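J.: Would you mind keeping the following structure in view while I ask a few things?
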Amino acid sequence: MVPHLAQQPVRPSGGQASEAASYPSASAAGRAPARHGLYAARPDSVRGEPGANGNPAESVEAAVHDGSVAELTLFADYRQIHVFDEGSQTDLGDAWTDQADEDRLAVGEDSVALGTTVNVDVTVSVEALDGPPTDDNIDFDHVVEASLHCSSGRLVIMGCTDYEPDAARFSVSKGWLRLRASRSNLDRAYQADLDSADDFATMERLRLQVWSAGAAAPSVVVRRWIEPE
């Protein structure tokens, strides 16, 4: 069964890095030890023109129905994007071990945090699949896979400190899901740093692919990007 992406309205205004996180450490200690949306910063708007009723999510809703792909722009505060079961109370603070920080992947039973290179807006695409994706890892810089359990049948995707009630939500099959996160344009985003979000050519890009899985499987780094020295 293909997970059905049914997105809910998302945020109306652009995000800026929080003062405390303007230059977070690259180590695990630099990750925010918080539950999703603890700081209640409001999320960013999705990319695309507003619909007839002024809702910026409307054009993305159409794209979801046409090809099961949604395009978002999210504020990666504390260099994190979170994917989790709606209603999750998991605190991923302890999941940011040294290894998780190196892998840029922290995992709880019903939630996943993805580390980003920059601490500003990043582009995020979401795809629903009926099985594992084809192998196109050569086209990306850093690729990871993880499992998460979704008991509600709704996935929330947002920046670490986004305002959760306004975050994007997607209808998926209940039970275990497999998530592949593929990141690209990392060298250019890294070089531009806080200015990377000023130009689409330098923005970090994250593709999320999700499909139903019969059981949990170990997390894996499929392709690893090494931060320049």
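Conditions (1) modelled with pLDDT of 95 or more; (2) at negative phi; (3) not polar (S, T, N, Q), marked per residue:
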{"position": "VAL83", "(1), (2), (3)": "yes, yes, yes"}
{"position": "THR90", "(1), (2), (3)": "no, yes, no"}
{"position": "GLY93", "(1), (2), (3)": "no, yes, yes"}
{"position": "ASP103", "(1), (2), (3)": "yes, yes, yes"}
{"position": "ALA113", "(1), (2), (3)": "yes, yes, yes"}
{"position": "THR116", "(1), (2), (3)": "yes, yes, no"}
{"position": "THR123", "(1), (2), (3)": "yes, yes, no"}
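J.: Does region 146-158 contain any residue that is touching a residue at least 60 places away in the same chain (Cβ under 8 Å), part of a strand (DSSP E or B) and in contact with a Pro (Cβ under 7 Å, 6 or more places away or on another chain)?
T.: yes
J.: Tell me, which strands (runs of 3 or more DSSP E) wholly within region 80-124 include 2 or more residues that are among the small types (Gly, Ala, Ser) and surrounded by 24 or more Cβ atoms within 10 Å (Cβ to Cβ)?
T.: Values: elements: 80-85, 105-108, 111-115.
Here the list reads 111-115.
J.: A follow-up question, please. So, in region 201-229, how many residues would count as being farther than 14 Å from GLU145 by Cα and among the hydroxyl-bearing types (Ser, Thr, Tyr)?
T.: Selection size over region 201-229: 1.
J.: Shifting gears a bit: Quick one: which of ALA168, ALA201 is more than 18 Å from ASP103 (Cα to Cα), of a type outside the set (Val, Ile, Thr) and surrounded by 15 or more Cβ atoms within 10 Å (Cβ to Cβ)? Lay out the reasoning, then the answer.
T.: On the way: ALA201 fails: surrounded by 15 or more Cβ atoms within 10 Å (Cβ to Cβ).
Only one candidate qualifies: ALA168.
The values are calculated or read from the model by the stated rules, or taken from the named source; none is laboratory data. The structure displayed is predicted, hence computed values, not measured ones. We place every Cβ from the backbone using ideal geometry, glycine too, and count neighbours over all the protein chains shown.
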